[in-house]
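Here is the structure we will look at.
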Amino acid sequence: MSLAQPPEAGNARSRQADWSRMPERSNMLALRVICWIAIRCGRRLARLVLHPISLYFLLFSPTPRRHIKRYLFRAIGPRAGWADGYRLLHAFASTVLDRIYFLRGRMDLFDVRVHGNVPVEAEVIAGRGAFLLGAHIGSFEAMGACKHQSGRPKELRLAMLMYQDNAQQITAVLEAIAKPGLRPHIIALGRPHSMLDLRDWLDGGGLAGLLADRTLPGPEEAGQQRGNSIRLPFLGHPAVINDGPFRLAALLRRKVFFMAGLYVGGARYDVHFEPLADFSERVSGPAERERRIRGALESYVERLEALCRAYPYNWFNFHDFWLEDSD
C-alpha cells in the first residue's frame, strides 16, 4: 500500500492541526474554585460538583456535543443518546478532578491496576528509554501514578511530550498544586531544542509519553508538518492519522509501547501497556523502514479502536476527528 498522501492530505493536515492553536475552554477563577473544593472538601464531596458541570457542557457546548455524538454512534451504535453523552462528559470531568489528587500524591484514594508493564520496565532497567504512545482516552496521570507504586525495581522517569500553548491556564494551576517531585516533566514540542532534550531524556533511561491521536503541526514559520497524514479506517469510517510519532521513534531507534489509563468508574483505573514496534533494530533499507512505520501505525489504530469499543466513555478527543465539519 502506497504511503503517498492523498490529494486532500494538505487540507486535512491544516484543519486537523488547528487543535494546537485553539484556546482552552476555561478560566482561572473556575479552575481555582474546583481545586479549592477538591483539596478542602475531599474527593467524595468534590465529585458532587461534577454533575452540574457535566450537564452544563452537555447543554451549552454545541460543537463538542456534535463531535461526541458522532463518536458514540460509531463506538456503541445508533442507540447512543443524551444519557451516553452525559456519561462520557462525567467520566471526563472525573479524570480531570482526579488529576489534582494524583499530582498531590494521594494514591491511597485510588485502585490503580497495571497490566503489561514488565517489558516497559525492562527498557528502563537497561537504560534505553522508550516511547509510550497513547491517545485522548482515559487519564495520563493514572499512568504517571504507576511510577510511584511500591515494588518497582527502578524509578520510572516519565516525561510528557506536548504542545503547551493551548492549555497554559490549566497546566499552570495543576503544576502549582502538585507536590514537589510529582510535577509532570514536560518536553515542549515545536521548539528548536526539542529533539536534543528528547534524545537526552531517552538516553538517560526516561520514558517519553505522547498522545498520538492528533496530528503533529510543524513549526509555523516552516508551514509544514512532521510526518505523513494517512487515512485509515477507525470505528467504521476513514480518519486521518499522522505517523510522525513513529517516525520520531524510528529516527531515535527506540521501542514503542501503546499506553492507556482507563477510568473504570468510582476510584478505579486500569492501566494497560502493549508492545507496538521495535525500532531499535537495524533495518535493511528505506523500504523496510517505511513498512515498519506503517505496520506500527496500523497496530496503534487497531488497539485504539478496540479500547473505544470496550470502554466507550473514555474517549476525550472532543475535536473534529473525522474531518466532517467542512462537509
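What the table shows:
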| quantity | calculated |
| --- | --- |
| Sites His115 and His51 - FRET efficiency at Förster radius 30 Å, r taken between beta-carbons, to 0.05 | 0.45 |
| Net charge, Asp278 excluded, C-beta distance under 14 Å - Lys, Arg +1, Asp, Glu -1 | +4 |
| Value of D in µm² per second that Stokes-Einstein yields for region 265-327, Kirkwood Rh from Cα pairs, at 25 °C (0.890 mPa s) | 165 |
| Percent carbon-and-sulfur accessible area, region 261-327, ignoring ligands, DNA and RNA, probe 1.4 Å | 48 |
| Simple label model, 7 Å out from Cα along Cβ direction - Arg191 to Arg32, nm | 2.6 |
| Cα→Cβ-extended label distance, 7 Å offset, between Arg183 and Arg199, nm | 2.7 |
| FRET efficiency, Arg231 to Arg291 (Cβ-Cβ, R0 22 Å, nearest 0.05) | 0.80 |
| At R0 = 30 Å, FRET efficiency that the Cβ-Cβ distance of Met107 and Ser61 yields, to 0.05 | 0.40 |
| Simple label model, 7 Å out from Cα along Cβ direction - Cys41 to Ala310, nm | 3.5 |
| Solution diffusion estimate, µm²/s, Stokes-Einstein, region 188-318, Kirkwood Rh from C-alpha pairs, 37 °C, viscosity 0.692 mPa s | 202 |
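The values are calculated or read from the model by the stated rules, or taken from the named source; none is laboratory data. Just so you know, these numbers come straight off a predicted model, no measurement behind them. Positions of Cβ are generated from backbone atoms using ideal geometry, with glycine treated the same way; all protein chains shown enter the neighbour counts. The protein model used for the area step is the full one, side chains on, heavy atoms only, and it has no ligands, DNA or RNA in it. Shrake-Rupley method; radii C 1.70, N 1.55, O 1.52, S 1.80 Å.
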